[in-house]
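The values are calculated or read from the model by the stated rules, or taken from the named source; none is laboratory data. Remember, it's a predicted structure, so these values are computed and weren't measured experimentally. Cβ sites come from the backbone with ideal geometry, for glycine too, and all protein chains shown count toward neighbours. Calculation scope for accessible area: heavy atoms of the full protein, side chains included, ligands and nucleic acids excluded. Shrake-Rupley method; radii C 1.70, N 1.55, O 1.52, S 1.80 Å.
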Amino acid sequence: MEPAGLATAPPLSLYVHFPWCVRKCPYCDFNSHAPRGEIPEAAYLDALMEDLDRSLPAIAGRPVETVFLGGGTPSLITAPGIDTLLRALRSRLPLAPQAEITMEANPGTVSPGYLAACREAGVTRISLGVQSFDDESLARIGRIHDAREAREAIDAAAAHFDAVNIDLMYGLPGQSVEAAARDFEIAAACGVGHVSAYQLGIEPNTAFGREPPATPDEDACAAMQALAESRFAAAGLARYEVSAFAREGSRCRHNLNYWRFGDYLGIGAGAHGKLSSRRGIVRELRVMHPRHYLARAGRDGFVQRRQRVSRAGLAFEFMMNALRLVGGVEAELFAARTGLALAEIEPVLELARARGLIEDAPGRISASALGLRFLNDTLQLFLPAAAA
Ligand SMILES: C[S@@+](CC[C@H](N)C(=O)[O-])C[C@H]1O[C@@H](n2cnc3c(N)ncnc32)[C@H](O)[C@@H]1O
Ligand code: SF4
């Protein structure tokens, strides 16, 4: 059954959220919690499966191309727990034969034996939250691991997985441009196929938001971003998205599906989903707090909010994803994923081209270098009010 207005259903991904961490990092506004006592692993895995079972009618036999176990810290799930989870997913879902199955891992929580067991259970890709290779920086941002543990985790992951990502952050408290460059150098040389490099954001409702540390100024952060791009490119890791760098063939298929405005079912506490159906594109949000999420088990479902994306908001939502990709997307993807005619946004595209924010490339929609640098300004043009 194809979604209304769409000639073909978009590829489908599955996101599984695990909402606990050893402790809360002071910069983090993800839905992650330090457990009060033992993590209720068995109860949570049961709730996830109930959540999935209730969602199956909405995805009606569509193959799942990618799975992402994100958090929080999914590497706190025991190895038998990962095995149980993946078996349960496989028994309920038509997983594509070459499905990419990523698991996020905190370097302070993994051993070589654990990673080997995750590979054995069917995980195909590991994403390590390294953040920095500098002990002082790691301590300042409250990480539970040091640089040595981060390097050991990378070596162990590389021994068992062909696909390894490391997350880095720059613009850290007290970090010099030279120190960030050292982090990029080490990341580029450590042999992984994928690096994500994020500028530290000071978010409200975090410890750093309440008491902001002194961080490098905008010019220093811009210099760090430029250095990341050149160091990684020199090592064969090309920037393909605002914050993502990969070797040929190592791009993250799961995230690419988000950026190409594909569909995804999100299960677990606070998980987001986006599903195309006969009634249009629907966004879902699961109950946020793990305690409340668990309390919904056996009752009336885990969805807190389900909302149809308005026709007026579709172009903005599409662009918010597609323009993050360096080189953008093929122009036909707009109609294929939104059901709208490209002609509807041609005047806005023309304006954006005239301002140098969108490339004048036939057959593609892509942000220019300027548009990528000032992505928010570029996206503003596609807001419903701006387009009116
Ligand atoms: C869910 S976490 C990854 C896995 C695991 N929880 C960990 O931290 O090791 C996703 C990534 O988002 C990035 N991140 C989190 N909060 C951030 C912030 N305030 N600014 C920039 N990047 C952030 C970090 O690089 C982090 O590794
Ligand atoms: S370990 Fe990861 S998800 Fe957990 S608090 Fe730290 S950055 Fe956030």
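Some observations on this one:
- Inter-probe distance in nm under a simple model that places probes 7 Å from Cα toward Cβ, at S111 and A361: 4.8
- Whether the chain is rounded, prolate or oblate, judged on the alpha carbon gyration tensor where a/c under 1.5 counts as rounded: oblate
- Per residue accessible area in Å² of the chain, where ligands, DNA and RNA are left out and the probe is 1.4 Å: 45
- The distance between label points at A207 and V177 comes to 3.1 nm (points 7 Å beyond Cα on the Cα→Cβ vector).
- Length gained when the stretch R151-A354 is fully extended (0.36 nm per residue, less Cα-Cα span): 68.4 nm
- Given a 1.4 Å probe and the protein chains as shown, S91 ends up with an accessible area of around 90 Å².
- For the set R324, R278, solvent exposure ranked by accessible area (probe 1.4 Å, protein chains only) runs largest to smallest as R278, R324.
- E120 paired with L340, simple spin-label distance in nm, labels 7 Å along Cα-to-beta-carbon: 5.1
- Normalised by 2.2 N^0.38 Å, where N is the number of residues, the alpha-carbon radius of gyration of the range 1-104 equals 1.20.
- When R296, R140 are compared by accessible area of protein heavy atoms, the largest-first order is R140, R296, using a 1.4 Å probe.
- Test item: Cα-centred dipole of the range 311-388, Lys/Arg +1 and Asp/Glu -1 on Cβ, debye: 200
- For the range 75-132, alpha-carbon Rg relative to the globular expectation (2.2 N^0.38 Å, N residues): 1.15
- Counting heavy atoms of the protein chains alone, S111 has an accessible area of about 50 Å² for a 1.4 Å probe.
- Candidate residues K24, K274: accessible-area rank, largest first, probe 1.4 Å: K24, K274
- Straightening the chain between Y198 and A222 buys 7.5 nm, computed as 0.36 nm per residue apart minus the Cα-Cα spacing.
- Positive dipole terminus of the chain, leading residue within G298, A157, L115 (C-beta point charges): G298
- Across the range 158-264, the volume of the C-alpha convex hull divided among the residues equals 136 Å³ per residue.
- Charge context of V282, other residues only, Cβ under 9 angstrom, K/R +1, D/E -1: +4
- Over the range 311-388: Kirkwood hydrodynamic radius from C-alpha pairwise inverse distances, Å: 12.1
- A cut-off under 14 angstrom between Cβ atoms defines the neighbours of A147, and their net charge, with Lys, Arg +1 and Asp, Glu -1, is -4.
- Pairwise centroid distance, computed over Cα atoms, of the range 205-268 with the range 357-388, Å: 19
- Stretching the chain fully between A139 and S230 yields a gain of 30.0 nm (0.36 nm per residue, less the alpha carbon separation).
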